[in-house]
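The next block holds one structure in the form of structure tokens; read it before the comments.
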Amino acid sequence: MIRIGCTSFKEHTYLTGKKETTLYEYAGYFPLVEMDTGFYFIPSRANIETWLKQVPQQFRFIVKVQKVFTKHQELEEGQTLTELAEQLKSNMAPMIESGRLFCLLAQFPATFKCTRENVDYLRILRQLFQDIPLAIEFRDRSWYEEKYLEGTRNFMKNHRFSLVIVDEPKKLSTTVPLDAYVTNEDFTFFRFHGRNDMGWTATGPDAQKVRTNYRYNEEELTELQRAVESAKSKTKEIAVIFNNNAGGDAAENATQFKRRLGLDYDELNPSQLELF
């Protein structure tokens, strides 16, 4: 099965015409969402339960792990990764037990390079989340260098990671290539960030607003479609997330992509378009 969705659910004015879209409304259009809030703090059990009440049974969530797990932030005094992982798993139990977690996402920064130390850390991460589907996204190209690529792929397979298949700007030597190689036969995760070469390396308070400001054209969507279709026979489930929403383009591109693949999801919430 291929599920298509976007990062976040609130900001997709294209779907509802509203400044903020509710999760219930969003789930009238897509069967999948990526919840980035987990990157900043562990979602409470109450929030998890509230999310689940707003979506149908077939809806799936991708939840980012807190940034301390991906070395964006140091542990606070007295904290341990084991305790934080147990808290995350406990809070997310309703989602996990109901089968509505597609996967956790560990998105590492560009400073996380292909080194022995970092490979060892990934082993620790696997132990922290032993029985939970876990996707790994790299932002540094070293993991894809010719001398490391086979080792990267084999390591991901052996440790039951799904190596996220990303689309990023193409004109920068540091970005990760679109490598549609499946490392987990149970699930595969495609994440499309757009191809804003100028904005990708932006810094400062507005960097995030610029980085993913991009609208995919038809030719580019065709390329992404080929990549997704090439993975269909190699994995049981596929998630496709459009993260190119700094300019409000993700939902429209995701809708176009859904039509291209001929997908018609049976179990969605009643949308406003269906009510009138």
Discussion item. Just to check I understand the Karplus step: with θ = phi - 60° and J = 6.51 cos²θ - 1.76 cosθ + 1.60, what whole-Hz values come out for segment 35-48, glycine and proline as x?
Written reply: 9, 7, 4, x, 5, 8, 7, 6, x, 6, 4, 4, 5, 4
Worksheet, complete the sentence: For segment 31-122, listing chymotrypsin sites (Phe, Trp or Tyr not before Pro) in a DSSP loop whose Cβ sees at most 14 other Cβ atoms within 10 Å gives Y40, F41
Item to complete: If a/c stays under 1.5 just call it rounded; otherwise compare a/b with b/c (prolate if a/b is bigger, oblate if not). Do that for segment 1-48, with a ≥ b ≥ c from the square roots of the Cα gyration tensor eigenvalues.
Response: oblate
Response to the item:
Computed over the chain, the relative contact order (Cα-Cα under 8 Å, seq sep at least six) in percent reads 22
Response to the item:
Among A231, T183, G204, the residue whose Cα sits farthest towards the positive end of the charge dipole of segment 182-231 (+1 at Cβ of Lys and Arg, -1 at Cβ of Asp and Glu, taken about the Cα centre) is G204
Item to complete: Using label points projected 7 Å from each Cα along Cα→Cβ, tell me how many nm separate R259 and Q87, to one decimal.
Response: 4.5
Discussion item. Output wanted: per-residue J couplings in Hz (rounded whole) for segment 157-164, from phi through Karplus 6.51 cos²θ - 1.76 cosθ + 1.60, θ = phi - 60°, x for Gly and Pro.
Written reply: 4, 5, 9, 6, 8, 9, 6, 4
Item to complete: Using a/c under 1.5 as the rounded threshold, could you call the chain rounded, prolate or oblate? The axes a ≥ b ≥ c are square roots of the C-alpha gyration tensor eigenvalues, and prolate needs a/b larger than b/c, oblate otherwise.
Response: rounded
Worksheet, complete the sentence: Taking Cα pairs closer than 8 Å and at least 6 residues apart, the relative contact order of segment 45-127 in percent is 45
Fill in: segment 222-237-segment 107-172 distance, computed between alpha-carbon centres (Å)
20
Worksheet entry | Amide H contacts of D249 (H built 1.01 Å from N, under 5 Å, at least 5 apart or other chain) | Y214
Worksheet, complete the sentence: For segment 95-106, in residue order, the Karplus 3J(HN,Hα) values (coefficients 6.51, -1.76, 1.60; θ = phi - 60°; whole Hz; Gly and Pro = x) are 6, 5, 5, 7, x, 9, 8, 6, 5, 8, 10, 10
Worksheet item: So for the chain, taking the charge dipole from beta-carbon charges (+1 Lys/Arg, -1 Asp/Glu), which of P31, T13, T70 sits furthest toward the positive end?
Response: T70
Worksheet item: Given H placed 1.01 Å from N in the peptide plane, which residues other than close sequence neighbours of E237 have an amide H under 5 Å from its amide H?
Response: F187, T188
Worksheet item: Suppose every K and R has +1 on its Cβ and every D and E has -1 on its Cβ; what is the size of the dipole of the chain about the Cα centre, in Debye to the nearest 20?
Response: 240
Practice prompt. Amide H neighbours of L101 under 5 Å, at least 5 residues apart or on other chains, H built in the peptide plane: list them.
Written response: F61
Worksheet item: At a probe radius of 1.4 Å, what is the per-residue accessible area of Y14, in Å² to the nearest 10?
Response: 100
Fill in: Additional length obtainable on full extension of the chain from Q130 to T80, 0.36 nm per residue less Cα span
16.3 nm
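The values are calculated or read from the model by the stated rules, or taken from the named source; none is laboratory data. Since the structure is predicted, the reported quantities are computational estimates derived from the model, not experimental observations. Heads up, the Cβs are rebuilt from the backbone with ideal geometry, glycines too, and the neighbour counts pull from every protein chain shown. For the accessible areas, the whole protein counts, side chains as well, though only heavy atoms, and no ligand, DNA or RNA atoms are used. Shrake-Rupley method; radii C 1.70, N 1.55, O 1.52, S 1.80 Å.
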